[in-house]
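*Asks:* Questions regarding the structure given below will be posed in turn.
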Amino acid sequence: MDFVRNFPCISIMLCLFAGIISSGLRGRAAMIVNAGLLVINTALSACTLVYTLALGESFVYVMGQFPAPWGNEIRAGVLEALMALFFCIIMLLSLLGGRHKLLEGVEKGKLYLYYVLMDLLLSSLLALVYTNDMFTAYVFVEINTISACGLIMIRQNGRTIEAAVRYMIMSLLGSGMLLLGLCMLYDLTGHLLMSNIQESVALIVAEGKYTIPLIISIVLMSVGLCIKSALFPFHAWLPDAYGYSTVSSAAVLSSLVSKGYIFLLIKIIYRVIGFEIYRDSRIIDILFVFGLMGMIFGSLSAIRENDIRRMIAFSSVAQIGYIYMGFGMGTEAGMTASVFHILSHAATKSLLFIAAVGLTDVSGRNRQFIELTGSGYRNRWAGAAFTVGSLAMVGVPMFSGFISKLLFSQAAVQNHAKMLPALIVLGVSTILNAIYFMKTVIRIYTPVENTSYPSLTCKDMPLYAVVLAAFIILNMTLGVSSQPVVDMIRQGLAMFA
Amino acid sequence: MGTNLFINYGEAVAMILFGIGFGNLLLQPNLIKKIIGLNIMDTAIYLFLAEKGYIRGRVAPIVAGGVQSMEAYINPIPSGLVLTGIVVSVSVSALMLALTIRLYRRYHTLDLDEISKRLRKEGL
C-alpha cells in the first residue's frame, strides 16, 4: 500500500503533462483529456484520503534525492487529501455544467486553451494543497493567478478584459506582499521547508529576538493572501470577474481559486508560524474585524444588486468574511468551522452559478430580476437547484450551510471575548442572506401569464440536469451526514500541528 | 536602530523601492505605469534577497583552487530564488502587457478609470 505515497506527486505531474499535451490538441480532445484527468485525480485523491485515514498520521514525500533541510517536499495528511478530493469533484462538476455555455461563448479555435488553463489551474491548486515548501507555494500561487486571469478573459468582451486587468493588479499586489513576507521569514529562519521554519520560529520566539520583523513578515503574508482571496475591503475586482466571465470560470474562481489561497493561509498559520504564535499576534483580531465587516457589507451590496450573477458574486464576499471570522476566533473550533465552510461554500456557490445560468437561458439571456420572473417554471431543474443553493446559503437545516453556521456559533460561544460581536453579526448576516436569496427564489417562482420565453426540460440538456442533481446530492450529503466530514477535518487539523 | 539602518542600507533601499513600486501599481491610473510599478516592486524584492544572501569577502559557491572551507562561499539559495522570481515576474509582466494591448486596441486609451467609465456608459 506504500505506493499510495506517490499519488500526490503523480496527480500534480499528471495535471502539468495534461496541460502540455492539450496545447497540441483540438478543443473536443482537450475537453476529454481534461475530464479524464479530473476523474483520475479524484480517484487518486480518494485513495490518498483512505490511506492517510488508515495510517492515522501525515506522510512526507521527498522530491528528488535531497533530504529534509535542502530538498523539496510534498506532505499529505487527511485534510490535504480531503481538500484535493473536493477540489477535483467541484471542478469536474463545474466544467460539465457550464460546457454548453463554453461551446457558444468561446471562439472555436481557442477552446483547447481553456482546458490547458484549467489543467494548469488544477495543478497549481493541488500543489498549493500538498506542498511543504514556501517558495514552491509562491511559484504555484503565481501560476494560479495567471491561469485564473486567462479563465476570466477567455470570453472576450470589453468587460472581461477590464475585469481581468483589475484582477491581475490586485493579485499581483497580493503576491508581491506574500513574496516579501516569505523572503523576510527566510532571512529570519534560514529555511524554506515549512516544518523547519516552524522549529526556527519557535526558537526565535522563545529567545524573544526579532519580534518586529517576525510580526511584519506574518502581516505581509496574511494580508497578501487576504487580498488574493478577496476579503473585504479588497473585493473591488470580484463582482466583475465573477459576473461577466463564462459560467464555468465563475464557478471555479469563486469556489476553488480563492479557497486555494485560504488553504495556503491555513497551512501558514499551522505549519509555518505555529498556531499559538499566530494566535498571540494581533493580526488575528484584524482578520476577525474585517471578516465581520465583509459579512455585512458583502450582503448589503448583494441586496442592492439587480443582476443575478453579480448578486451571487457579492454573496461570495460575505462568505469569505465568514471564513476569516472563523480564523479570527483563534480557537480550534473556529478553524474547524472555517474549513467546513470552505467545503460547503465551494459546493454551494458553484451550484448557484451553474443554476443561475439555466435560469437566465430561459429568460432571453437577461440577467435582470424583472426578466427572471417565473423562470423556475420554465426550467424546473435549474429552479430547484437554485432553491437548494439559496437555502444552503441562508443556512436552513438539511443543507450544508446550516452545519457551517452551527459550527461557527459553537465556536463563537467558546470564545468569551468575541462571542457577542460574532453572534450578532452572524444573525444579522443570516437575515441579510435570507433577504436577497429568498427574494430571488420568490421571483423565479412567481407565475407569469403569456410569457414569450421558451421552456426547457431536462431532456433538452441531460448533462446539465445530471450535474445539477449531483450538486444537490453533494450539498445535502454535507448537510445531513456532516459528522464524518467534521471528524476528518478535526483529525486533519490535529495532524497539522 | 540608526546604526543598523546605516549598515543595512541595501535592505532599507529595497524596502523604499518596494513601497514606490507598490504605490505605483496600486494608485497609477495609467496601465503602463502600473506595469513599471510592478517591475520596480518585484526588483526591490530581488535586491533584498541578493543583499541578504551576500556576505562580504566571500564568493559564489563554485569550488576553485581546492578551497573547500564553508567560510569561503556564500549560500547559493537566495540567488536561486532571485532567478526563479525573475522568471515569474517576466511572465506576469508579459501577460499584463498583452492585456494592456487588448484594452488599448478596443478603447484607444491607457487610463483604466477612463475605460471603466466608458464601460459603464456602454452598459454592457
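Rule-based calculations on the coordinates, nothing more; no lab input. Predicted model only: the values in this text are computed from it and were never measured. As a convention, Cβ positions derive from the backbone with ideal geometry for all residues, glycine included, and neighbour counts pool all protein chains shown.
*Asks:* State, to one decimal in nm, how far the label point of B:ILE7 lies from the label point of B:ALA60, with both points 7 Å from Cα in the Cβ direction.
*Replies:* Inter-label distance under the simple model: 2.8 nm.
*Asks:* If I fit a long axis through the Cα atoms of helix A:416-444 and take the longest principal axis of the Cα atoms of chain A, what angle between them do I get, 0 to 90°, rounded to 10?
*Replies:* Rounded to the nearest ten degrees, it is 20.
*Asks:* Residues in region A:27-67, backbone N under 14 Å from the label point at B:TYR73 (7 Å along the Cα-to-beta-carbon vector): list them, ranges by number please.
*Replies:* Under cut-off, by backbone N: nothing.
*Asks:* Only Lys, Arg, Asp and Glu count, each charged at its Cβ (+1, +1, -1, -1), so figure out the dipole size of the protein assembly as shown about its Cα centre, rounded to 20 debye.
*Replies:* For the protein assembly as shown, the charge dipole is close to 1700 debye.
*Asks:* If you don't mind, there's one more thing I want to ask. Students often get this wrong, so check it: of A:LYS259/A:LYS405; A:LYS108/B:LYS34; A:LYS405/B:LYS117, which have C-alpha atoms separated by over 29 Å?
*Replies:* The answer is A:LYS108/B:LYS34; A:LYS405/B:LYS117.
*Asks:* Rounding to the nearest 20 debye, state how big the charge dipole of chain B is about its Cα centre with +1 on each Lys and Arg Cβ and -1 on each Asp and Glu Cβ.
*Replies:* Rounded to the nearest 20 debye, it is 560 debye.
*Asks:* Follow-up. Specify the angular offset, from 0 to 90 degrees and rounded to the nearest 10, of the alpha carbon long axis of helix A:27-55 from the longest principal axis of the alpha carbons in chain A.
*Replies:* Result, in degrees: 50.
*Asks:* Only bridges whose two residues both fall in the protein assembly as shown count here: according to DSSP, what percent of them are antiparallel, nearest 5?
*Replies:* Working: 9 of 11 bridges.
Approximately 80 percent, going by the DSSP bridge assignments.
*Asks:* Let me ask you something else. In percent, how large is the relative contact order of chain B, given Cα pairs closer than 8 Å and 6 or more residues apart?
*Replies:* RCO, chain B: 24 percent.
*Asks:* Let me have the relative contact order for chain A, percent, based on Cα pairs under 8 Å that are six or more residues apart.
*Replies:* Result for chain A is 15 percent.
*Asks:* Determine, from the Cβ-Cβ distance of A:ALA236 and A:LYS459 and an R0 of 35 Å, the FRET efficiency 1/(1 + (r/R0)^6), rounded to the nearest 0.05.
*Replies:* 0.25
*Asks:* Per 0.36 nm of contour for each residue apart, how much would the distance between A:ALA29 and A:GLU332 grow if the chain were fully extended, relative to their Cα-Cα spacing?
*Replies:* 104.5 nm
*Asks:* Per DSSP H run of at least 4 residues, take -39500 (n - 2.57); add these up for chain B, divide by its residues and hand me the 222 nm value, nearest 500 deg cm²/dmol. Mind dumping the intermediate values first?
*Replies:* Working: 5 runs with 90 residues, N = 124.
Using -39500 (n - 2.57) per qualifying helix, the result is -24500 deg cm²/dmol.
*Asks:* Whole Å is fine, so just give me how far the alpha carbon centre of region A:1-73 lies from that of region A:449-497.
*Replies:* Using only Cα atoms, the two centres lie 25 Å from each other.
*Asks:* Ok, one more. With axes computed from alpha carbons, what is the tilt in degrees of helix A:134-153 against the longest principal axis of chain A, rounded to the nearest 10 within 0 to 90?
*Replies:* 10
*Asks:* With +1 on each Lys and Arg Cβ and -1 on each Asp and Glu Cβ, how big is the dipole of region A:258-355 about its Cα centre, in debye rounded to the nearest 20?
*Replies:* So the dipole magnitude of region A:258-355 works out to roughly 260 debye.
*Asks:* In terms of Cα to Cα distance under 24 Å, which lysines are near enough to B:LYS52, apart from those fewer than 8 places away along the same chain?
*Replies:* A:LYS209
*Asks:* Using +1 at the Cβ of each Lys and Arg and -1 at the Cβ of each Asp and Glu in region A:282-497, identify which of A:PHE314, A:LEU463, A:ALA347 lies farthest towards the dipole's positive end.
*Replies:* Toward the positive end, the furthest listed residue is A:PHE314.
*Asks:* While we're on this one: Of the options B:ILE36, B:GLY65, B:TYR104, report the single residue whose Cα projects farthest towards the positive end of the charge dipole of chain B (beta-carbon charges: Lys, Arg +1; Asp, Glu -1).
*Replies:* B:TYR104
*Asks:* Related question: With a cut-off of 8 Å between alpha carbons and a minimum separation of six or more residues, what is the relative contact order of region A:282-497 in percent?
*Replies:* For region A:282-497, the relative contact order is 25 percent.
*Asks:* Among A:GLY176, A:LEU203, A:THR160, which residue has its Cα positioned farthest towards the positive end of the charge dipole of region A:159-260, with +1 placed on the Cβ of Lys and Arg, -1 on the Cβ of Asp and Glu, and the dipole taken about the Cα centre?
*Replies:* A:THR160
*Asks:* Would chain B count as rounded, prolate or oblate if I go by the C-alpha gyration tensor, calling it rounded below 1.5 in a/c and otherwise prolate when a/b exceeds b/c, oblate otherwise?
*Replies:* In terms of gyration-tensor shape, oblate.
*Asks:* Separation between the A:ASN306 and A:ILE473 pseudo-spin-labels, each 7 Å from Cα along Cα→Cβ, expressed in nm?
*Replies:* Between A:ASN306 and A:ILE473, the label points sit 4.1 nm apart.
*Asks:* Nearest 500 deg cm²/dmol is fine: what mean residue ellipticity at 222 nm does chain A get from its DSSP H runs of n ≥ 4 alone, each adding -39,500 (n - 2.57), divided by its residue count?
*Replies:* -25500 deg cm²/dmol
*Asks:* Would you pull out the residues with amide H under 5 Å of A:TYR61's amide H, same chain only if 5 or more places away, H placed 1.01 Å from N?
*Replies:* A:ILE74, A:ARG75, A:ALA76
*Asks:* Moving on. Could you please rank B:HIS108, A:HIS100, placing first whichever residue has the fewest other Cβ atoms within 10 Å of its Cβ?
*Replies:* B:HIS108, A:HIS100
*Asks:* Where a Cα-Cα gap under 20 Å defines reach, which aspartates and glutamates qualify for A:LYS349, not counting those fewer than 8 residues away within the same chain?
*Replies:* Leaving aside aspartates and glutamates fewer than 8 places away in the same chain, those within reach of A:LYS349 are A:ASP240, A:GLU305, A:ASP307, A:ASP361.
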